Structure formats: structure tokens, C-alpha cells
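Right, one structure below, let's go through it.
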Amino acid sequence: VTLLKLAVLLLPLALYAQRGAPPVPPLVESGFDQIFDGHSLNGWDGDPSFWRVEGGALVGQTTTDHQPAQNTFLIWRGGSPADFELKLQYKLTGFNSGIQFRSIELPDIKWAMKGYQADMDGEQRYTGQIYEERGRGFLALRGQFSYIPNGGKPGAVSSLGDDKDLKSIIKPDDWNDLHLIVRGNMMVQMLNGRVTSMLIDDDLAGRKLDGLIGIQVHRGPPMKIEVKNIRLKKL
Amino acid sequence: MHRRVFLSTLAATAAAQQYVPKQSDRPEPISGDEPGFTPIFDGKSLDGWEGDPKYWRVENGVMTGEITPETIIKSNTFLIWRGGSPGDFELKVDYRITSGGNSGINYRSVVVPDPVTPTNKFAMRGYQFDIDGQNRYTSQNYEEKGRLFLGTRGQMTHVVGGRKPVLLSSLGDPAALATFITTDWNAIHITVRVNVLIHSLNGHVMCVVVDDDVPNRTANGLIGVQVHVGGPMKIEYRNWRLKAL
């Protein structure tokens, strides 16, 4: 009986060893803080004619008749995280939006930002890429593990998958899970459980190692961005 | 030249070479190596490397590890690079393995005693870019004699200690990623920065591990290549380049 018990106990271990893959449990979150209270703009700062709270989400919206002079942002006033993880859910209807991180505010234009952006657009051309708003432009396209040498041009070191496959994981006009991991000079962007872009930024003059978080309302065709369940883990 | 003039000329030259992005620019695949890579294998000898000559030799310019029916081993043994203990680095190398073979590239590793084969002075513990001829394990992050499976092919994981690694995200279907591996030469690219470990193979990211298990992780250490317990096998490596950061 004891031997049998032992065999039963060891069986999962034996299977584990045989299959050779770790049984990975579902993701357990620890250390994350909600940075949006779900019902007010407390802690966030942006042009009130474009931003509101509705249905438990931050909502930024433009119409053909109501346009910002340039891209405008809802800025989180809780800090300038350096190394962090950020998780949120977003739904984009229409033109273009994005989540800024390690960014700055322009000194001369209120609510305008410069810096890294987890990009998104209604046609899913850019969704999943890392773009630098008012900076170095396209840093890592969807499907790229990209590298920026000091003073140089971003280039793809390795592939993260076929662009069509990666595009297919995005849910247009619906809620998507965005997850950013930012550590030192390396950053990883994930959408709906899939890595979509990675970047190592060795450009000493161009890069930034901490900064503001913000959400974009893009000038142009009408758009509506909804963001909820925003969790930040500072490292 | 006056030192100050010389320095300002240098600065002006650097500024002139600075890349200025255009809105139409997109990152394109990098061909060849970025600056800073240096060869760590001379293609002729095992100078700078240390291992049991019974298993390791250079043949036709290729670093070769072989186990024959006469030299079957009871525990894994390594050929170790003696040129340093890099912490943050990029490593590129090509490999080819026989169908029944198992090997791997250890990094940030240490030499440990081998109780099974006490005469083996080349046992290692540490992170490993795993390689096997059947591609069950190839390109996973396996910690030899340590925490074992840290991330399998297609996984991005978070190692926190005191529990199994947590799956953060997918890098693609493991079977689909296996189709990028050939039975001929394959190009490995390992990128290691602080506690993020990235394994690429033939231009595809295969495995990413974020290691926050502070008591058990290593910040630097030895590089070595493995011949594994099992039947006869042959592993070949060539074109080693290291960029230590």
C-alpha cells in the first residue's frame, strides 16, 4: 500500500519529467495597484472637452467638428515610473490612439506628450508596435524584436511572428488586454497574451529611463478610446 | 591638434553621423552583426576553451563534441570558455546536431562537483539555451542542475522563486516555431540584459525569461557547451561571436 501510495505520488512528477514542459499555472497578479478608480478622473489630467468617465472606463473622443489642435493626452499624475509593468484593457473605435510611457510633457503645449507609445489604430496597421511620439518615430513594428544602437537607426534583430498571425489576435472595436513590461533599456509589449513587439534601446541621447504615462486622443478622423482596469506595478 | 579643438571636432563628427529619423522610416531587419561582436573561437584550436579532450576537438574548422559507443558518459560534461564571465551580453553561434543528440549552451554558469562521475571536472550549473536533435527542447531556457525548466519554446515567463515559473505571454505555437529549426546549421542569438534572457533561433524569438528569483539567479558567469548523457551523438559549433556589454 505504501509503495502504491508512493507510485501515485510520484506519477505526476514522472509525467512532468517525461513531457519535459513545466506545467505553468495561470497568471497570478501580485504587486499591482489600480491607477484609475473606475468612476472619476481623479489622478488624471487632460482637456475636459475630450475626456470623460463612462461605463467604468476612461473615455477620450473626437468628432469631425470637435478636434484638438494637435494630439492631446490624458496624463496620469501619480508619478514617473522607471521600471514597471502596466496592464489595462482598451477598446478603440475609429482612427488612432496609444498609451504613452516614460514620456514627457511639452513645455509649450498643454497636454501634449513626447515619448514611447504602445500604438493602436482602428485598421490595425500599427496596433502592437512601439512608436515614439514626437521623437524617433517607428521603433519596433508589430512582430519585431528591435534594437537601437547609440546614435543609430532602429533595426529588427529577430522576429516575433508573422504579421498576419499577430494581427489576428487583435479584437477590433472590442476590449483588448494590453501588458507592458519595461525594465532598464528593454521593453516588451503584449496584446491578448501574445508578445507583439520588443525593444532594446541603447540610444543614450534619444532614450528615456523614466517618465509619464498617458493616453492619446489623435487629431484626425473621429475616434473613441476607452480604457479601464489600469494596473501598475512599480519595480 | 589642440586638445579642445580635437574634442570638439570629434563631437561634431559624432553629431554629423547621428541618425535623424524620418516619418517614413521603418525598422528593417539588421543584416550581419552590430558593432562590438568579437570571435571567441579561432576555428583551428580549442585555445581559450577547456574540456575533456576525449569528447571535444576541432574538425574542419568546427568545434565538435562527440560521444561514441566507446565513450558513453554517465553525466553531462562541458567545454568551457575561459575568456571571462560575462554578465550582460549578446552571443551568436551556429550549431548542427545529430538526430539523437542533446546539447546546449550554458551561460552565467558555474562549475560544480559531479557526484556521479567524480573525475568529471567540467560539470556546470546555470542557464542553458537547450538543444536536441528531436527539437523537443531546442531553444528553451533550461537551468542545468538548478531550477530546471524556466521557459519552454514559445513562452515568455516570469521566474519569481518559491513556485513554478509563471507564463506571462506566448511567443507563438511551439510546434510552429519548431518548423524554423533545420537539421543542418542553425543560428543562435542569445541576448542577456540584467534579468531578462532572450533566446532567438534562425531569426525568431523562441523564449524569453524574466528572472526575479533573486536568491537563485546569477548576474554573470561562465559560458560552456554540453555533451549530454544518452547514446552516441555529435554536436558541432562554429562562428562564435560575443558582444559583452
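What follows is calculated from the coordinates using simple rules that are stated; it is not laboratory data. Nothing here was measured: the structure is a model prediction, and the numbers come from that model. When we count neighbours, we look across all protein chains shown, and the Cβ atoms used for this are built from the backbone with ideal geometry, even at glycine.
Any residue at all in the range B:154-166 that is without any contact (Cβ under 8 Å) to a residue 12 or more places away in the chain, part of a loop (DSSP other than H, G, I, E, B), facing chain A (nearest Cβ under 7 Å) and not hydrophobic (A, V, I, L, M, F, W, C)?
There is at least one residue in the range B:154-166 that is without any contact (Cβ under 8 Å) to a residue 12 or more places away in the chain, part of a loop (DSSP other than H, G, I, E, B), facing chain A (nearest Cβ under 7 Å) and not hydrophobic (A, V, I, L, M, F, W, C).
In the range A:190-229, what count of residues is obtained for those that are assigned to a loop (DSSP other than H, G, I, E, B), closer than 18 Å to A:Asp121 by Cα and in contact (Cβ under 8 Å) with a residue 24 or more places away in the chain?
Restricting attention to the range A:190-229, the residues satisfying the condition of being assigned to a loop (DSSP other than H, G, I, E, B) are A:192-193, A:202-211, A:218-222.
Still in the list and also closer than 18 Å to A:Asp121 by Cα: A:192, A:218-222.
From what is left, the residues that are in contact (Cβ under 8 Å) with a residue 24 or more places away in the chain are A:218-222.
Residues that pass the stated criteria total 5.
Which of the residues that make up the range A:106-131 are surrounded by fewer than 20 Cβ atoms within 10 Å (Cβ to Cβ) and in contact with a helix residue (DSSP H, G or I) (Cβ under 7 Å, 6 or more places away or on another chain)?
Residue satisfying the conditions is A:Gln124 alone.
Do we find that B:Glu143 is under 15 Å from the mean Cα position of the chain (by Cα) and either in contact (Cβ under 8 Å) with a residue 40 or more places away in the chain or closer than 28 Å to A:Lys167 by Cβ (or both) in this structure? Steps first, please.
Numbers: under 15 Å from the mean Cα position of the chain (by Cα): yes; either in contact (Cβ under 8 Å) with a residue 40 or more places away in the chain or closer than 28 Å to A:Lys167 by Cβ (or both): no.
No.
Suppose we filter B:His189, B:His228 for residues that are more than 10 Å from every other protein chain (Cβ to nearest Cβ), in contact (Cβ under 8 Å) with a residue 24 or more places away in the chain, touching a strand residue (DSSP E or B) at 6+ places or on another chain (Cβ under 7 Å) and closer than 17 Å to B:Tyr127 by Cα; which single one remains?
Numbers: B:His189 fails: more than 10 Å from every other protein chain (Cβ to nearest Cβ).
On inspection, the qualifying residue turns out to be B:His228.
Just for the range B:170-189: of the residues that are small (Gly, Ala, Ser) and surrounded by fewer than 21 Cβ atoms within 10 Å (Cβ to Cβ), which one is nearest to B:Val62 (Cα to Cα)? Full working, then the answer.
Quick first cut of the range B:170-189, residues small (Gly, Ala, Ser) only: B:170, B:172, B:175-176, B:178, B:187.
Next, only the ones that are surrounded by fewer than 21 Cβ atoms within 10 Å (Cβ to Cβ) stay: B:170, B:175-176, B:178, B:187.
Details: B:Ser170: 35, B:Ala175: 29, B:Ala176: 29, B:Ala178: 25, B:Ala187: 14 Å.
Here the answer is B:Ala187.
Taking the condition outside any loop (DSSP other than H, G, I, E, B), hydrophobic (A, V, I, L, M, F, W, C) and surrounded by fewer than 23 Cβ atoms within 10 Å (Cβ to Cβ), does B:Leu150 pass?
Numbers: outside any loop (DSSP other than H, G, I, E, B): yes; hydrophobic (A, V, I, L, M, F, W, C): yes; surrounded by fewer than 23 Cβ atoms within 10 Å (Cβ to Cβ): no.
The answer is no for B:Leu150.
Quick check on my filter: what residues within the range A:183-235 are more than 14 Å from chain B (Cβ to nearest Cβ) and on the phi > 0 side of the Ramachandran plot?
A:Gly211, A:Gly220, A:Asn229 - these are the residues of the range A:183-235 that are more than 14 Å from chain B (Cβ to nearest Cβ) and on the phi > 0 side of the Ramachandran plot.
The rows are residues; the columns are (1) more than 17 Å from A:Gln70 (Cα to Cα); (2) in contact (Cβ under 8 Å) with a residue 40 or more places away in the chain; (3) within 11 Å of chain B (Cβ to nearest Cβ).
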position	(1), (2), (3)
A:Leu106	no, no, no
A:Lys114	no, no, no
A:Ala118	yes, yes, no
A:Arg125	yes, no, no
A:Leu141	yes, yes, yes
A:Asn150	yes, yes, yes
A:Ala156	yes, no, yes
A:Ser159	yes, no, yes
A:Asp162	yes, no, yes
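Does B:His228 meet the test of being crowded, with 17+ Cβ neighbours inside 10 Å and under 23 Å from B:Asp33 (Cα atoms)? Write out each step before concluding.
Details: crowded, with 17+ Cβ neighbours inside 10 Å: yes; under 23 Å from B:Asp33 (Cα atoms): no.
It is false that B:His228 is crowded, with 17+ Cβ neighbours inside 10 Å and under 23 Å from B:Asp33 (Cα atoms).
So which residues in the range B:155-169 are surrounded by fewer than 24 Cβ atoms within 10 Å (Cβ to Cβ) and not β-branched (Val, Ile, Thr), if there are any at all?
If the condition is that a residue be surrounded by fewer than 24 Cβ atoms within 10 Å (Cβ to Cβ) and not β-branched (Val, Ile, Thr), then B:His158, B:Gly161, B:Gly162, B:Arg163, B:Lys164, B:Leu167, B:Leu168, B:Ser169 are the ones that fit.
Which fully enclosed strands (runs of 3 or more DSSP E) of the range B:25-106 have 3 or more residues being out of contact with any Gly (no Cβ under 6 Å at 6 or more places or on another chain) and on the phi < 0 side of the Ramachandran plot?
Numbers: elements: B:56-59, B:62-67, B:77-81, B:89-97.
Answer list for the range B:25-106: B:56-59, B:62-67, B:89-97.
Do you know which residues across the range B:200-215 are at the interface with chain A (Cβ under 7 Å from one of its Cβ atoms), assigned to a strand (DSSP E or B) and not aliphatic (A, V, I, L, M)?
Residues satisfying the conditions are B:Ser200, B:His204.
From the list B:Leu197, B:Leu177, which residue is outside any loop (DSSP other than H, G, I, E, B), under 26 Å from B:Leu242 (Cβ atoms), over 17 Å from the mean Cα position of the chain (by Cα) and more than 8 Å from chain A (Cβ to nearest Cβ)? Spell out how you get there, then give the answer.
Details: B:Leu197 fails: over 17 Å from the mean Cα position of the chain (by Cα).
Answer to the check: B:Leu177.
Picking from B:Lys44, B:Lys54, which residue would you name as being farther than 18 Å from B:Asn186 by Cβ and in contact with a helix residue (DSSP H, G or I) (Cβ under 7 Å, 6 or more places away or on another chain)? Explain how you work it out, then say what you get.
Details: B:Lys44 fails: in contact with a helix residue (DSSP H, G or I) (Cβ under 7 Å, 6 or more places away or on another chain).
Within the list B:Lys44, B:Lys54, the selection yields B:Lys54.
Pick from A:Gln89, A:Gln70: which is more than 14 Å from chain B (Cβ to nearest Cβ) and in a loop (DSSP other than H, G, I, E, B)?
Numbers: A:Gln89 fails: in a loop (DSSP other than H, G, I, E, B).
Going through A:Gln89, A:Gln70 in turn, the sole match is A:Gln70.
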